[in-house]
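Asks: Before I ask anything, let me first share the structure, which is written out below as structure tokens.
Nothing in this text is a laboratory measurement; each read-out follows from the coordinates by a stated rule. The model shown is predicted, which means the values in this text are computed figures rather than measured ones. Positions of Cβ are backbone-derived with ideal geometry, glycine not excepted, and every protein chain shown enters the neighbour counts.
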Amino acid sequence: MTQLPNSLAARDIAHVLHPYTNLVKHEKAGPLLIERGKGIYVYDDQGREYIEALAGLWCAGLGFEEPALVDAAIEQMRKLPFYHSFGHKSAPVVIELAEKLKGLSPVPVSKVFFVNSGSEANDTQMKFIWYYNNAIGRPKKKTILSRQRGYHGVTIASASLTGLPANHRAFDLPIAGVKHVDCPHYYRNALPGESEAEFTARLASNLEEFIQREGPETVAAFFAEPVMGAGGVIVPPEGYFPAIQAVLKRHDILSVSDEVICGFGRTGNVWGAQTLDYQPDMISCAKQLSSAYLPIAACMISEPLYEAIRDQSGTIGTFGHGFTYGGHPVSAAVALRTLQLYEERKIYDHVAMVSPRFQARLKRLADHPLVGEARGIGLIGAVELVADKASRRNFDPAKAVGATCAAFSQEEGLIHRALAGDALAFCPPMIITEAEIDEMFDRFERALAKTEAWISREGLRNAA
Ligand SMILES: Cc1ncc(COP(=O)(O)O)c(C=O)c1O
């Protein structure tokens, strides 16, 4: 697209460096300029309407125009626009939010530590774990496990936890001391003829062997999203977390539930851990915590962790960690109001009510000749496009079939994301109605038809 020299698009190309973007392509294509939002819809600078089928970045649970959150921010701005939690300071709204989160937690939580992003939350959890093991006299127990295709963020530590090549390649990551174990994707990783139960048992025994090889006295913790998001929306098979946790418990390895996407209703319960039968020692949450209206994230930790960290800080003289904006009062006020709105408007029940329709429309796509697997739970899902359904053969990644399908979706008034492996993700605002779910999938079906026509024209099915 040619950009007029002084247009916003040309100025974007000249001045903005975009995250998660092919920067070479961007210089030609320019940005899609989104100017306003309403409910599940956003509108571009030409007034075109799009269903935001990924709630932005899996985060705007209440959609794109919630006045109660704007009011909460303004009210707090007027009262106290900034304060911090360093050196024994606090603000009432931060205390209230911590209490609220503890009340919602699926496992006993002692303290809540506020940060600004999911990456900072996981980075901080790693520091907590190392500090804790030093405090209790286990200086060798430091290795952190996460899973291939897991997504935990992009700081040096959290990108190391992430198990996706694009987050490591050319960044000199992962750092030493972070190791990746099996991804629980039955469709892709099960052996021929293996049942889901056998697959789960094999993953648990692989984990046991891995820990034995590393030396159990060196393995500190395991990070997992209940449902993997950016890695392709992978729902683990039934019984996966109980089987994995039995191994972890045997070796006194802490478990962290990364609830950055799954937290606050996405999977049909408040927490993904509840849906997937996972009992973590620590929880990271963000995104829907404030419906993404302002940046805020939290680390929730158990009493034994807290006690060891407390004692160590007493010995050292301070707990030497914290971010200027961690527990920002305006973000905290918006988060608190968000959590109240989820309850007042019965959003968790709403998700439980509309998700059967979402899952039915999603799973119906499995009959499409391009779709290898349609998978999901609650209000999150993905379809994986394949060149050959019977053999599950992927398309050549260089052909960018998923990205092209997402571009066709955009033409049809639907914004979502193509993930690695040509998986198209759906994670709409939780306020979506059944009629809007139908509209979303109707638009996607038209995009899929265009994708199929393009694939046939280009002869991509036969390419090696
Ligand atoms: C499960 C999970 N953890 C962590 C993160 C990182 O969060 P942020 O982008 O706020 O740093 C994300 C972001 O998508 C995520 O999906």
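Asks: For region 314-329, does any single residue satisfy the condition of being surrounded by 15 or more Cβ atoms within 10 Å (Cβ to Cβ) and polar (S, T, N, Q)?
Replies: No: region 314-329 contains no residue that is surrounded by 15 or more Cβ atoms within 10 Å (Cβ to Cβ) and polar (S, T, N, Q).
Asks: Another question about this same structure. Of all helices (runs of 4 or more DSSP H) completely enclosed by region 220-327, which ones contain at least 2 residues that are within 16 Å of the ligand (Cβ to nearest atom) and either under 27 Å from Gly177 (Cα atoms) or touching a Ser or Thr at 6+ places or on another chain (Cβ under 7 Å) (or both)?
Replies: Here the list reads 272-276.
Asks: Please tell me if Ala204 is aliphatic (A, V, I, L, M), farther than 27 Å from Tyr132 by Cα and surrounded by fewer than 24 Cβ atoms within 10 Å (Cβ to Cβ).
Replies: Criteria not met by Ala204.
Asks: Still on this structure, I have one more. Of all residues being more than 14 Å from the chain's Cα centre (by Cα) and part of a loop (DSSP other than H, G, I, E, B) in region 141-166, which is farthest from the ligand (Cβ to nearest atom)? Just the residue, please.
Replies: Lys141
Asks: Of all residues in region 100-129, count the ones that are more than 16 Å from the ligand (Cβ to nearest atom), more than 22 Å from Ile244 (Cβ to Cβ) and touching a residue at least 60 places away in the same chain (Cβ under 8 Å).
Replies: 7
Asks: A further question follows. Sort out which residues of region 53-99 are of a type in the set (D, E, K, R) and within 25 Å of Ile432 (Cα to Cα), and write them in order of number.
Replies: Answer for region 53-99, where residues must be of a type in the set (D, E, K, R) and within 25 Å of Ile432 (Cα to Cα): Glu65, Glu66, Asp71.
Asks: Could you please find all residues in region 225-244 being in contact with a Leu (Cβ under 9 Å, 6 or more places away or on another chain) and small (Gly, Ala, Ser)?
Replies: Gly229, Ala230, Gly231, Gly232, Ala243
Asks: Which of the residues belonging to region 351-397 are crowded, with 20+ Cβ neighbours inside 10 Å, of a type outside the set (A, V, I, L, M, F, W, C) and assigned to a strand (DSSP E or B)?
Replies: Correct list: Gly372, Glu373, Arg375, Gly376, Gly381, Glu384.
Asks: Taking the condition of being within 13 Å of Leu419 (Cα to Cα) and either buried (at least 19 other Cβ atoms within 10 Å of the Cβ) or of a type in the set (A, V, I, L, M, F, W, C) (or both), how many residues in region 142-166 meet it?
Replies: 5
Asks: May I ask you to verify whether Gly137 is over 22 Å from Ala220 (Cα atoms) and without any contact (Cβ under 8 Å) to a residue 40 or more places away in the chain?
Replies: Considered against the rule, which asks whether it is over 22 Å from Ala220 (Cα atoms) and without any contact (Cβ under 8 Å) to a residue 40 or more places away in the chain, Gly137 comes out as no.
Asks: Which condition breaks for Phe82 when tested against (1) surrounded by 13 or more Cβ atoms within 10 Å (Cβ to Cβ); (2) over 27 Å from the mean Cα position of the chain (by Cα)?
Replies: Only one criterion in (1) surrounded by 13 or more Cβ atoms within 10 Å (Cβ to Cβ); (2) over 27 Å from the mean Cα position of the chain (by Cα) is unmet by Phe82, namely (1).
Asks: Identify all residues within region 411-464 that are surrounded by 14 or more Cβ atoms within 10 Å (Cβ to Cβ), touching a Phe, Trp or Tyr at 6+ places or on another chain (Cβ under 9 Å) and part of a loop (DSSP other than H, G, I, E, B); write none if there are none.
Replies: Glu412, Gly413, His416, Asp422, Cys427, Pro428, Pro429, Met430, Ile432, Leu460, Arg461
Asks: Under the condition of being touching a residue at least 40 places away in the same chain (Cβ under 8 Å) and among the charged types (D, E, K, R), which residue from region 266-286 is surrounded by the fewest Cβ atoms within 10 Å (Cβ to Cβ)?
Replies: In the first step, residues of region 266-286 are kept if they are touching a residue at least 40 places away in the same chain (Cβ under 8 Å); the result is 266-276, 278-286.
Restricting the remaining residues to those that are among the charged types (D, E, K, R) gives 266, 281.
Values: Arg266: 31, Asp281: 24.
If we take residues in region 266-286 being touching a residue at least 40 places away in the same chain (Cβ under 8 Å) and among the charged types (D, E, K, R), then Asp281 is surrounded by the fewest Cβ atoms within 10 Å (Cβ to Cβ).
Asks: Sticking with this one: I need the full set of residues from region 42-72 which are away from the ligand (no atom under 16 Å from the Cβ) and surrounded by fewer than 19 Cβ atoms within 10 Å (Cβ to Cβ), in order please.
Replies: Tyr43, Asp44, Asp45, Gln46, Gly47, Arg48, Glu49, Glu65, Pro67, Ala68, Val70, Asp71
Asks: Take the residues of region 340-350 that are in a helix (DSSP H, G or I) and not acidic (Asp, Glu): which is farthest from Glu52 (Cα to Cα)? Outline the logic, then answer.
Replies: Of all residues in region 340-350, those in a helix (DSSP H, G or I) come to 340-344, 347-350.
Then keep just the ones that are not acidic (Asp, Glu); that gives 340-342, 347-348, 350.
Numbers: Gln340: 23, Leu341: 20, Tyr342: 19, Ile347: 18, Tyr348: 20, His350: 18 Å.
Only one residue fits best here, namely Gln340.
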